[in-house]
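Below you'll find the structure, written out as structure tokens, and then a few comments.
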Amino acid sequence: MELVFEKSVKGRRGLRIAKSDVPTCVNLDQSLLRGKDAELPELSELDVVRHFTELSRRNFGVDTNFYPLGSCTMKYNPKVCERIATYPGFAHLHPLLPQLRSGGMLTQGALEVLYEMDVILCEICGMDAFTMQPMAGAHGELTGIMMMAAYHQDRGNTKTKILVPDSAHGTNPASAAIAGYTVRSVPSDENGLMSFEALKEMLDDEVAGIMLTCPNTLGLFNPHVREICDLIHSVDGLAYYDGANLNAITGKVRPGDLGFDIVHVNLHKTFATPHGGGGPGSGPVGVVERLARYLPISTVVKREDGTFALDYHKPKSIGYIAPFYGNFGIVLRAYVYILMLGHEGLERVAENAVLNANYIKEKLKPYYDIEHGQLCKHECVFSATRQAQNGVHAIDIAKGLLDRGFHPPTMYFPTIVKEALMIEPTECESKETIDLFIDAMIELARTAEKAPETIKASPTTTAVGRLDETKASRQLNIASL
Amino acid sequence: MLRLMGSSWKRKGRRKTMPYISNTDEQRAEMLAEIGLTAEDLFGDIPESLRCGGLNIPDGMSEQKVRDHLAAIADKNYIHLTSFLGGGFYDHFIPSAVYSTLSRAEFYTAYTPYQPEISQGTLQATYEFQSMICRLTDMEVSNASMYDGGTALYEAMMMGLRIARRNKVIMDDSVNPIYRVMIHSYSRNLKVDLVETKNHEGLANREAILDALDDETGVILVQNPNFFGCIDDLTDLAAAAHEKGALLVVSCYPMSLGILKTPGAMGADIVTGEGQSLGLPMSFGGPYLGFMATRKKYARNLPGRIVGETVDTQGQRGFVLTLQTREQHIRRDKATSNICSNEALCALASTVYLSLLGKEGLKETAQLCMDKAGYAYQRFTAIPGVKPHFHTKWVFNEMVFDLPHDAADVIGKLIEKGFAAGFPLSRYYEGMDNSILIAVTEKRTKQQIGMLAEELEAIL
């Protein structure tokens, strides 16, 4: 398809700009002006709208296709959340307004949303205080690890290591390393859970903390999670809960009750805000009472008279991690979602997410290998090793699914499973949709035996076929100039 | 309506219908039977002692009730003040076609484009975004976006230090203080030697910067137009940095690049900025859009996602995420950054915005901002007791005035008159208690500027 620049026609305009009502009175020194105009396209509004509408039709989204992308919780994004985010009272609010003298009273509505989300997330996660500032999950991880470092500095601890299970998301070790820690990977045991024995061996006074998802990336809940947290606490380490998989247990289990000290939640996963093709996300972080003093500046407080204010007096804080109060528009959408569902809805989310995942797991077991076939939570991880013997790899199954109208599962992750296909259906999907997906997966397994070459040729029904990623990397073209 | 903290909500129990869960109770029973489990079995792997037994949050609400409730909350926010607030975040006009494009669910309900064959929409739009950022800044390569302008500047600093293999950074205090405090927070646990210089007459302090610049210096951080709105030509600083083997990192205001000399033309090595001015609402601080562009030779040092052009099996043009070996999901603790998300949808908004404004529209809008700011400058300096704080002649759309009294007080009084008149600089700068930062966008009318000038004169 043509680039937007290639459609440009000299002299065409996409917006009539308001006429100036002031004289041009500034004549900048020539040395401060740009030499030639920025080469932006010249298009009519229709040209622009048609271009981007055409582009949109070359995408799969949750609204168009089943999207069981493991670990990403691609649930339905309710329209009411989008609508409320466009209310002018929220969308047009300048973030500096509450920082003016007597300005706090001008943004009481926005502060109320932030404050109530703090309280609600504390209840859901069993924490004592939250910050809404992290702008994505990985940003939340970094914030959490920075607080961990502040805690240890405050205690005079000289700790250097963070433990991370080998099944963890890549962001965990990356976040720990960027905060200045050395990362040690803890192996999994034969049940697909973090090895308790290995953990005990690796534990020493240098350990600052551990980062865990629970259920883990295999979709398995570790019944010994409280003992793990206790063990970490025994060396004055802190336990970090990566909330990527919170959707499996909302209303059933609270990370704080398991012994975790720091939690991040991905609002774009568990709380249904759109993924937007890769962002914006939002990754609020919660902590237990003894860590609350380290939360980023500022926090929202409720005064005795019931009004809300921003608190900037936090001498022990890790400081400023976002320009203002986080991705407010995303926090707002999640707030609306939680109000719509209520406590009973959140519990049903977990129940249905787990049922859908187990249903798929049981139905596909005869056709695909699964190393850890026990009861799972929100997702299950198959392996395409049987199909790979006929030359059909996980990526081929994925491309075959595209031709059958499904977004594929996550491929090749977690890395501890060979030829991994990680399936997370979410609570939203109906039995009918899931049955169609199961049928497609079974048909692909059969085709892999009888006519593997047809799957290798997939996809054939998409806007483009398989793309040459080596060429993209070697003959780098990342901008049209 | 909600009464959080201290009191428990009434919990009326389970509801039959859930609009976002498709399966009926009958279907659930059928599925459970087929796999030989009961509803209780589903959580049987979690010891009873670890379960919480429900949440103390309110019952679910109808959509009608939620919309009424949120409309009432939104009404508590004062958006009807005539705003002259800026500080890096501006009230620019957003064309309707930006909103309509963003509301295409194929864009906003998609995930990161790991399956390129069914993500060409997101991928091509991102490639176009990268191209537009390069064309605006006169740089050669760009990433797919960052969280915001502040995190982009921090990441650029770290990237510059990695390239230079040095630890020292010189940062002028004319860089947005909101970003400077972020950089301080992020650098705390890292071996970064951060030297801050005090601006000279509203511009990056050449003498102090050159004095601090040595063979240990990896990065010089500056901004244009800077936090005070002053316009600078940073060519000399780029040359000085390069002579010492350091990199010049420039944070810029993309709207200004409709007319101003580009960081690329000045010789900058890494350019970042906040993209909010390009079609995003202010939304009380986010979601916003950080961008980052650099020279081609540094492409492989960029953090974040990058989209590249390639071909499919038939030789057709297509786009993929590229250079992924830099990223956390492959490199884990050796990655160039821990970033996983970008701000794809915000980048799309800016791409549509820039396509609608086009070559002429961006130039005209930037000129309008500057003309209106020039008019405001004339009106405000004509008020007895109001003086420009700096001697610098050139400003883009924001400027600092000294008032005869405490600026925060004056701003507070003007709120009562219906104006968010500007930002008091005492919050971030010592000795500037009487200084106010005033921003003017193309949306402000001659009449609004005149009315603020009259109210200000009446108060002083």
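Going through the cross-link list A:10/A:36; B:198/B:297; B:393/B:443, which pairs have a Cα-Cα distance over 21 Å in this structure? Exceeds cut-off: B:198/B:297; B:393/B:443.
Pairing the Cα long axis of helix B:120-137 with the longest principal axis of chain B, what angle in degrees results, from 0 to 90 and rounded to the nearest 10? With both axes taken from Cα atoms, the answer is about 10 degrees. Using a cut-off of 22 Å between Cα atoms, the listed pairs A:75/A:302; A:314/B:191; A:363/A:431; A:200/A:418; A:377/A:418; A:302/B:413 include A:75/A:302; A:314/B:191; A:200/A:418; A:302/B:413 as exceeding that distance.
Just tell me the longest site-free run in chain B, where the sites are GluC sites (Glu not before Pro) in a DSSP loop having at most 16 other beta-carbon atoms within 10 Å.
Result, exposed sites excluded: B:217-429.
Just check chain A against the gyration tensor rule for me: Cα atoms, a ≥ b ≥ c as the square roots of the eigenvalues, rounded for a/c under 1.5, and otherwise prolate or oblate depending on whether a/b exceeds b/c. Before the final figure, lay out each step's value.
Numbers: a/c = 1.69, a/b = 1.06, b/c = 1.60.
In terms of gyration-tensor shape, oblate.
Binning all Cα-Cα separations of segment B:96-352 at 5 Å, short to long from zero, yields these whole-percent fractions: 1, 6, 14, 18, 19, 16, 12, 7, 4, 2, 1, 0. Cβ crowding within 10 Å ranks B:400, A:354, A:80 as A:80, B:400, A:354, fewest other Cβ atoms first. Look at the stretch B:291-299: the mean tally of other chain Cβ atoms within 10 Å of its residues' Cβ atoms is 1.
Taking the DSSP beta bridges with both ends in segment B:96-352, the antiparallel portion is around 40 percent. Label reach from residue A:307 (point 7 Å along Cα→C-beta): in segment A:105-132, amide nitrogens under 19 Å belong to A:105-116.
Hey, what's the Cα Rg ratio for chain B versus the globular rule of thumb, 2.2 N^0.38 Å? Could the numbers behind the result be given before it?
Numbers: Rg = 25.9 Å, N = 460, 2.2 N^0.38 = 22.6 Å.
So chain B has a normalised radius of gyration of 1.14.
Over the residues of chain B, the helix contribution to mean residue ellipticity at 222 nm works out to -11000 deg cm²/dmol, using -39500 (n - 2.57) for each DSSP H run of at least 4.
As a proxy for reagent exposure, A:25, A:72 were ordered by neighbouring Cβ count within 10 angstrom, fewest first; the result is A:25, A:72.
Sort A:417, A:288 by Cβ crowding within 10 Å, fewest neighbours at the top.
So the residues, fewest neighbours to most, are A:288, A:417.
Using a Förster distance of 45 angstrom, determine the FRET efficiency expected from the C-beta separation of residue B:27 and residue A:196, and round it to 0.05. E(calc), rounded to 0.05, equals 0.70. From Cα pairs below 8 angstrom and at least 6 apart in sequence, can you work out the relative contact order of chain A, rounded to a whole percent? This gives 18 percent for chain A. Between residue A:374 and residue A:451, the distance separating the two model label sites (each 7 Å from Cα on the Cα→Cβ line) works out to 4.2 nm.
Over the protein assembly as shown, consider all pairs of different Cα atoms and compute the Kirkwood hydrodynamic radius from their mean reciprocal separation; express it in Å, one decimal. Don't skip to the end; give the middle numbers.
Working: mean 1/r = 0.0352 Å⁻¹.
Radius from the Kirkwood sum: 28.4 Å.
Each other residue within a Cβ distance under 13 Å of residue B:339 adds +1 if Lys or Arg and -1 if Asp or Glu, for a net charge of -2.
When the helices in chain A are scored as -39500 (n - 2.57) per DSSP H run of 4 or longer and the sum is shared across all residues, what 222 nm value do you end up with, to the nearest 500 deg cm²/dmol? Rounded to the nearest 500, the figure is -11000 deg cm²/dmol. Bridges between two residues of the protein assembly as shown, per DSSP, are antiparallel at a rate of about 55%. Of all DSSP beta bridges confined to segment A:82-339, the antiparallel ones make up roughly 40%.
Quick note: the coordinates plus some simple rules give every number you see, no bench work behind them. The structure presented is a predicted model; accordingly, all values stated were derived computationally and were not measured. FYI the Cβ positions are ideal-geometry reconstructions off the backbone, even for glycines, and counts take in every protein chain you see.
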